[in-house]
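Notes to accompany the following structure.
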Amino acid sequence: MKIIALEKEMSTASTLAFRKHAKAEAKALWQLYLEGIVREFYFRKEKKLAVLILEVKSKAEAKKALSKLPYVSKKLIEFELILLRSYPGFQRLFK
């Protein structure tokens, strides 16, 4: 199952807290990439917020994996999870 995870910054997060955990965050994200959970990662163009593409078996598995990120565990950010499904539109063309 593919899931898009959209970062939301918590209002209580400080720049200092982000800097303090930046290296650990990058290392944890890299580990999720190596495990094949996070397949792609981007920043939104209009604001510096992460967009992750995950490949997992369930939404619960995605939440568990993302909870390993220091920014999430320290409550600096959270993610909105959007479940994706295959595009079924081509079926109409081949009936």
Projected area averaged over orientations for segment 2-94, convex hull of C-alpha atoms, nm²:
7.5
Placing each pseudo-label 7 Å from Cα in the direction of the beta carbon, Leu84 and Ser14 end up separated by a distance in nanometres of 3.8
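Sorting Glu40, Glu7, Glu61 on the 10 Å Cβ count, fewest up front, what's the list?
Numbers: Glu40 12, Glu7 21, Glu61 15.
Fewest to most other Cβ atoms nearby, the residues stand as Glu40, Glu61, Glu7.
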Pairs from Lys20/Lys57; Lys20/Lys59; Lys23/Lys45; Lys63/Lys95; Lys8/Lys64 whose Cα-Cα separation, in the structure shown, is over 27 Å:
Lys20/Lys57; Lys20/Lys59; Lys63/Lys95
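Pull out the extension gain between Ile4 and Ala60, defined as 0.36 nm times the separation in residues minus the alpha carbon to alpha carbon distance; nm, one decimal. Before the final figure, lay out each step's value.
Details: separation 56, 0.36 × 56 = 20.16 nm, distance 1.35 nm.
Full extension from Ile4 to Ala60 adds 18.8 nm.
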For the Cα atoms of the chain, what angle does the longest principal axis make with the long axis of helix 15-34, in degrees from 0 to 90, nearest 10?
40
Given all pairs of different Cα atoms, what value in angstroms does the Kirkwood hydrodynamic radius of segment 51-95 take?
12.8
Evaluate the charge dipole of segment 7-88 about its Cα centre and quote only its size in Debye, nearest 20, assuming +1 on the Cβ of each Lys and Arg and -1 on the Cβ of each Asp and Glu.
200
In straight Cα distance, which aspartates and glutamates are under 18 Å from Lys74, not counting same-chain residues fewer than 8 positions off?
Glu7, Glu9, Glu25
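Give me the number: length gained by fully extending Gln31 to Phe94, i.e. 0.36 nm times residue separation minus the C-alpha to C-alpha distance, one decimal in nm.
Working: separation 63, 0.36 × 63 = 22.68 nm, distance 4.20 nm.
18.5 nm is the gain from fully extending Gln31 to Phe94.
For a Förster distance of 22 Å, can you work out the FRET efficiency between the beta-carbons of Tyr42 and Lys68, rounded to the nearest 0.05? Intermediate results must be reported in sequence, preceding the final value.
Working: r = 19 Å, r/R0 = 0.88.
After rounding, the FRET efficiency stands at 0.70.
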Around Arg44, what is the net charge, scoring Lys/Arg as +1 and Asp/Glu as -1 over all other residues with Cβ under 15 Å from its Cβ?
-1
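Read-outs: derived from the displayed coordinates by stated rules, not from any lab. Just so we're clear, the structure is a prediction, and the values are computed from it rather than from any experiment. All Cβ positions, glycine included, derive from the backbone under ideal geometry; neighbour counts span all protein chains shown.
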